[in-house]
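Below: one structure, written as structure tokens.
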Amino acid sequence: ADTLSLAVIPGDGIGTEVTAEALKVLGAVLDGGPAKVETTEYDLGARRWHATGETLPDSVLAEIRRHDAILLGAVGDPGVPSGVLERGLLLRLRFELDQYVNLRPSVLYPGVATPLADPGTVDFVVVREGTEGPYVGNGGALRVGTPAEIATEVSVNTAYGVERVVRDAFRRAAARPRRKLTLVHKHNVLVHAGHLWRRTVEAVGAEFPSVTVDYLHVDAATIFLVTDPARFDVIVTDNLFGDILTDLAAAITGGIGLAASGNVNPDRTTPSMFEPVHGSAPDIAGQQKADPTAAVLSVAMLLEHLGLDDAAARVQGAVATDLGRRASGEISGPRRTAEVGDALAALAS
Ligand code: NAD
Ligand code: IPM
Ligand code: MN
């Protein structure tokens, strides 16, 4: 049987706690099956930065690059200046590995509690651009700390970058039953980038006549995510809008503890990276309070990406069963992170 190699970066805070459970479930679902996965764990994050000043050394990046996929927990720590680990580790991986499709599905599982009174059937995916936009770090500050300080963050949008993510979103929309794509931007204000996105969707859309195209300004999109989330099928949007919308999308579909994601290079020239949408949650870190379900569902996305569809379906099935048991009251009260992992591993094996 083939052996797949997986780089594991647990990271900071609850990242380490949820990753332990994700690996537990991965081990259980592959146990005795035809596929084998070999994992290499990388110690990156706050501990390493404090010890060595390193975020992601070139040599470590080169090693990670040789794996078939990456599983990441979360990065960021209150003891490290904000942005050091986020940019130096997480964003560096996304950029260096050219993971231009940040895939974030939102599905409201049956019985799962939502703050919405009448959500309908919620099943959409956000295709968030992963390598451009305001995230590139193009900007700077002048006269810092003075009354004349000027800070800029310039959003970079290239025809190449927008086209490839829009094309990916159309492909995904064409393969889904509802075949609907919504571009979310703000072209009434951000006219340079906005019109590039609009024209690109129009041009690529001509190649996908089966897909219905829709547009929303990002502010209005937040209204409809709350009042009528069932209208969405595939959303394509820029890096920053996608970041914000997907925390909201998580909140309406059972919470941030359930939201999974993939940073995908669809061309498969580099490894893709799977991680929960949430962060390191310093407020609950080290207390076994985090829900590992988002990390476990990220493993399902990883398995699907590697072509292990049966294993992916079993992980998803385990989560659906566990969520059903929570909804029915069969499972009640808070469970420790490891208890949820144990339950999911048992269901998936
Ligand atoms: P966060 O997602 O870490 O936490 C937001 C809230 O959600 C907190 O109240 C937290 O306790 C809760 N929460 C998050 N995950 C949960 C889980 N699995 N189960 C239960 N509750 C959960 O976002 P934040 O507070 O804005 O950021 C904290 C740190 O994480 C920052 O350093 C930030 O930069 C970083 N961050 C990293 C990633 C990533 O690695 N992909 C993502 C987001 C934020
Ligand atoms: C996420 C996070 C990251 C992002 C940060 C930590 C760089 O919020 O994965 O959603 O903004 O992409
Ligand atoms: Mn985010």
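Computed from the coordinates by the stated procedures, all read-outs in this text should not be read as laboratory data. Just so you know, these numbers come straight off a predicted model, no measurement behind them. No Cβ is skipped: glycine too gets one built from the backbone with ideal geometry, and neighbour counts run over all protein chains shown.
Note on the stretch 114-253: Cα convex hull, mean projected area over all directions, 9.7 nm². Taking the Cα atoms of the stretch 289-349, the ratio Rg/Rh between the radius of gyration and the Kirkwood radius comes to 0.99.
Over the stretch 110-187, Cα pairs under 8 Å with separation of 6+ residues give a relative contact order of 22 percent.
Around the amide H of GLU41, modelled in the peptide plane, lie the amide H atoms of VAL8, all under 5 Å away and 5 or more residues distant in sequence or on another chain. With N the number of residues in the stretch 243-349, Rg(Cα) / (2.2 N^0.38 Å) evaluates to 1.10. At full extension, THR227 and THR321 could sit 31.1 nm farther apart than now, given 0.36 nm per residue minus the alpha carbon distance.
Exposure proxy for VAL144, VAL136, VAL319, VAL29: other Cβ atoms within 10 Å of each Cβ, ordered fewest to most, give VAL144, VAL136, VAL319, VAL29.
Residue exposure proxy: ARG178, ARG314, ARG66, ARG128, ordered by other Cβ atoms within 10 angstrom of their Cβ from fewest to most, comes out as ARG66, ARG178, ARG314, ARG128.
Pairs of Cα atoms under 8 Å, at least six residues apart: use those to get the relative contact order of the stretch 35-92, whole percent.
It rounds to 38 percent for the stretch 35-92.
In summary, the helical segments of the chain meeting the span-like criteria, namely a full DSSP H run, a Cα extent along the axis of 27 angstrom or more and a mean Kyte-Doolittle hydropathy of at least -0.5, are 309-328. Summary: within the chain, the longest segment free of GluC sites (Glu not before Pro) located in DSSP loops with at most 11 other C-beta atoms within 10 Å is 1-148. Of ALA159, ALA285, ALA338, the residue with the greatest mean-square motion in the GNM of the chain, using alpha carbon springs below 10 Å, is ALA159. Across all Cα atoms of the chain, the radius of gyration (one decimal) and Dmax (whole number) stand at 20.1, 65 Å.
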